[in-house]
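Colleague: Take this structure, written in structure tokens, and hold onto it; I'll ask about it next.
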Amino acid sequence: MAHPDQNAPADNPAPLPDDISALSYEQAMRQLTDIIDRIESGDIAVEDTLKAYERGMALRAHCAAILARTEQRVAELTPPDLARSKPAPADDR
């Protein structure tokens, strides 16, 4: 039986390109922001828009996977008594 690719997000079975899967969260977000800025400003040829959009979606999936792994790790490290307790209300003074 085939094993799912570690780089593939759960909602998208296609593996991420190696250049994306090697990026840190911050690097991927920077690239994603650059793509969004280029598309929104019109500073990209119409022919390249789809390629940029596809890359942006892959970057978004990569960032989401990193966040999900981070949240899972925090949950694993959080003692059960802290996980059940609610934070104290903020003092609005």
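Colleague: Give all pairs with beta carbons closer than 9 Å in which a residue from region 40-66 that is at pLDDT 95 or above meets a residue that is open to solvent by 80 Å² or more (accessible area, probe 1.4 Å) and aliphatic (A, V, I, L, M); count only pairs at least 6 apart in sequence or on separate chains.
Modeller: As it stands, the answer is ALA65/ALA10, since those pairs meet every condition given.
Colleague: Filter region 1-14 for residues that are under 22 Å from GLU71 (Cβ atoms) and open to solvent by less than 80 Å² (accessible area, probe 1.4 Å); which is modelled with the lowest pLDDT?
Modeller: Here the residue is ASP5.
The values are calculated or read from the model by the stated rules, or taken from the named source; none is laboratory data. What you are looking at is a predicted structure, and each value in this text was computed from that prediction instead of being measured. Note that each Cβ is placed from the backbone with ideal geometry, even for glycine, and that neighbours are counted across all protein chains shown. We work out accessible area using only protein heavy atoms, side chains counted, and drop any ligands, DNA or RNA first. Shrake-Rupley method; radii C 1.70, N 1.55, O 1.52, S 1.80 Å.
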